[in-house]
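Shown next, in structure tokens, is the structure this report addresses.
Just so it is clear, none of the values below were taken in a lab; they were calculated from the coordinates. For clarity, every value in this text was computed on a predicted model and none was experimentally measured. Cβ placement follows ideal geometry from the backbone for every residue including glycine, while neighbour counts extend to all protein chains displayed.
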Amino acid sequence: MIQHLLETDRSGSVILDEIIRRNEQIQVLEVGFTELTLTVGWYIWWERRQIVHGETVQKPSRTAMSILVLTKNYKVVGKKGSKLKQGWKKPPEGKVMVNVDAAFNEENGCGSVGAIIRDCPGGALAAAHSFVPHLIDTLMAEAYALKEGLMLAQYIWSN
């Protein structure tokens, strides 16, 4: 089918249209091929933007995991009955807030953690993220996220 579509249009837009129209699932990953394809396109654009602005990007293996996590999160949010979280609330005047989060992949025992420090207007003062190659469960991932937040806060206040 793809070979036939390539004969029609070599730019790939017809193939992308066919992928979206079919809406097939990737059973092994438990995500839709359409969602995965669109997330890959967005992520490539986003990393290209980081490079253009002189920022570093992740290794390809971490990029692949990030794309999969983003796609799975999109799928979870799109399910009927999923609850919307209350949005982030600004800290009181003169205070800062440290937010942390973690992701855990049960299949391979690894994950990622992140932390961000924001001031009362909502501006980001500092942020950090880490890949954690050896985790036992989600509780351990959350513990690493708290550690990341504490280390970030110590760095900010020592400088």
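What does the charge add up to near G122, with Lys and Arg as +1, Asp and Glu as -1, over the other residues with Cβ less than 11 Å from its Cβ? Can you show the working numbers first?
Working: positive: K89, K90, R118; negative: D119.
With Lys, Arg at +1 and Asp, Glu at -1, the net is +2.
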Fewest-first ranking of Y155, Y43, using other Cβ atoms within 10 Å as the exposure measure: Y155, Y43
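Let me check I've understood the local charge: for E47, count other residues with C-beta under 13 angstrom from its C-beta, Lys and Arg +1, Asp and Glu -1. What total comes out?
Values: positive: R48, R49, K59, R62; negative: E55.
Once all neighbours under 13 Å are counted, the net charge is +3.
Using packing as a proxy for protection, rank 48-60, 104-116 so that the peptide with the highest average count of other Cβ atoms within 10 Å comes first.
Details: 48-60: 9.8, 104-116: 17.3.
So the peptides 48-60, 104-116, ranked by packing, come out 104-116, 48-60.
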Cβ-based charge dipole, the stretch 81-159, positive-most Cα from G109, Y144, W157: W157
Vicinal HN-Hα couplings computed from phi for the stretch 57-66 (Karplus, 6.51 cos²θ - 1.76 cosθ + 1.60; Hz; Gly/Pro x): 10, 6, 5, x, 5, 6, 4, 4, 5, 4
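Using a/c under 1.5 as the rounded threshold, could you call the stretch 98-159 rounded, prolate or oblate? The axes a ≥ b ≥ c are square roots of the C-alpha gyration tensor eigenvalues, and prolate needs a/b larger than b/c, oblate otherwise.
Working: a/c = 3.04, a/b = 2.27, b/c = 1.34.
It comes out prolate by the Cα gyration axes.
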Sequence-distant residues sharing a close amide H with N105 (under 5 Å, placed H): C110, G111
Residues of type aspartates and glutamates that K59 reaches as a straight line, Cα spacing below 12 Å, ignoring anything fewer than 8 places off in the same chain: E47
Ascending count of other beta-carbon atoms within 10 Å, so fewest first, for R62, R21, R118: R21, R62, R118
